[in-house]
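The values are calculated or read from the model by the stated rules, or taken from the named source; none is laboratory data. What you are looking at is a predicted structure, and each value in this text was computed from that prediction instead of being measured. Counting neighbours? That spans all protein chains shown, and the Cβs are built from the backbone with ideal geometry, glycine included.
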Amino acid sequence: MAEVLVLVDHANGTVRKTTAELLTIARRLGEPSAVFVGEGFDAAKEALAKYGAEKVYRVESADVTDHLVAPQAEVLAQLVASASPAAVLIPSNSAGKEIAARLAIKTESGLITDAVDVQAGEGGGVRTTQSVFAGSYSVTSTVTKGTPIVTVKPNSAAPEEHAGAAADEVVSIEVSEAAKAAKITESKPKEATGRPELTEAAIVVSGGRGTGGDFSKVEEFADSLGAAVGASRAAVDAGWYPHTSQVGQTGKQVSPQLYVACGISGAIQHRAGMQTSKTIVAVNKDEEAPIFELVDFGVVGDLFTVLPQATEKVQAA
Ligand code: FAD
């Protein structure tokens, strides 16, 4: 069975959920091999084995870790040449998309970005699905040249555990001078909020223009549930919440078990980032707000009255 390479998304060995999703998808296509670049392999190994990585290519050279994305594309290009994989799956984040684009050029292969589903194609190859125009259309594509390179959006598959050997093989690589043209000079961890990562959280509570810039009630409710905090673009553009928290077409795509939209009208561009959530709840003082067309449970009321009551109930439970 042909190998399927998965670029591991991790922070010092703490493997992000997207990697488990990609390994799950890779198993539909062939034999998953993880590509681990950076430090902390010992911490990562268990997670990679748990989600079915049969092999792990380890790259720990400072040539790769001290630089931005270009060396990672060189590593993957080398592995594509030596392992002839059936496909390469890469997380659809900004670094992942740049790595994928560089890899496609180096290997003269077709590239599909932002897939929400990847299946084995007829007669080999892959068949991908992309969701476009804010989720109004689904596009099915296939790569017709070279090795299929696909960036996959978070939450495109439910991670399934499957024991893999995760046999590691150290990859040594000479990184070209051109790939080392940009160097990381400083890397600071984000200020810890104690909240889960937005795209990985089981519960997301988001605030919109209806907060008037005061996210305290949204945050308190989120904390009572152990949830991540998201925001609409209106809230982000007003400078009330960081851009990294934006949910939607031009923000992050989330698919938690529970999504609570507070003071958010439900514009199509916001829905594009959250409509696949398992249960959707909205708090909005306008009973005509379009978000109510989408919800499983709706509360018509002022979020500054409703959320403190909800927080109190959760804390008392
Ligand atoms: P509004 O639409 O102004 O809604 C505010 C809501 O709060 C109203 O329904 C109101 O009834 C309610 N409200 C007010 N006060 C209270 C209160 N005290 N208690 C309860 N409810 C209250 N938007 C995104 O979110 N994400 C994106 O990624 C995104 N990408 C975009 C891309 C493009 C190309 C374009 C053109 C737009 C994009 N937008 C995106 C913007 C989107 O069209 C909307 O403008 C935006 O989502 C509106 O945000 P909102 O719901 O917070 O604000």
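One line per residue, one yes/no per condition, for (1) touching a strand residue (DSSP E or B) at 6+ places or on another chain (Cβ under 9 Å); (2) under 30 Å from Tyr51 (Cα atoms); (3) in a loop (DSSP other than H, G, I, E, B):
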position	(1), (2), (3)
Ala165	yes, yes, yes
Ile173	yes, yes, yes
Ala179	yes, no, no
Arg195	yes, yes, yes
Leu198	yes, yes, yes
Val205	yes, yes, no
Gly213	no, no, yes
Ala234	no, no, no
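Cβ contacts < 7 Å: first residue over 12 Å from Thr107 (Cβ atoms), restricted to the range 79-92; second residue basic (Lys, Arg), any location; separation 6+ or different chain. Result?
As it stands, the answer is Ser92/Lys153, since those pairs meet every condition given.
Give the residues of the range 163-196 that are touching a residue at least 40 places away in the same chain (Cβ under 8 Å) and surrounded by 15 or more Cβ atoms within 10 Å (Cβ to Cβ), sorted by residue number.
Gly164, Ala166, Asp168, Val171, Ile173, Val175, Ala179, Lys180
Being farther than 15 Å from Leu258 by Cβ, surrounded by 23 or more Cβ atoms within 10 Å (Cβ to Cβ) and not small (Gly, Ala, Ser) is the filter here, so list the residues in the range 200-216 that pass it.
Thr211
When you look at Thr193, is it away from the ligand (no atom under 16 Å from the Cβ) and either more than 30 Å from Val64 (Cβ to Cβ) or of a type in the set (Ser, Thr, Tyr) (or both), yes or no?
Answer is yes for this residue.
Would you be able to tell me the number of residues in the range 250-278 that are part of a strand (DSSP E or B) and either near the ligand (Cβ under 7 Å from one of its atoms) or modelled with pLDDT under 95 (or both)?
2
Please list, ordered by residue number, the helices (runs of 4 or more DSSP H) wholly in the range 18-125 having 2 or more residues that are among the aliphatic types (A, V, I, L, M) and surrounded by 20 or more Cβ atoms within 10 Å (Cβ to Cβ).
Details: elements: 41-50, 62-65, 70-83, 94-107.
Of the helices (runs of 4 or more DSSP H) lying wholly inside the range 18-125, those with at least 2 residues that are among the aliphatic types (A, V, I, L, M) and surrounded by 20 or more Cβ atoms within 10 Å (Cβ to Cβ) span 41-50, 70-83, 94-107.
In the range 10-20, which residue that is in contact with a Pro (Cβ under 9 Å, 6 or more places away or on another chain) and modelled with pLDDT under 95 is farthest from Pro148 (Cα to Cα)?
Per the criteria, the residue is Ala11.
Do the conditions hold for Pro308, that is, is it over 23 Å from Ser136 (Cα atoms), within 13 Å of the ligand (Cβ to nearest atom) and not hydrophobic (A, V, I, L, M, F, W, C)?
yes
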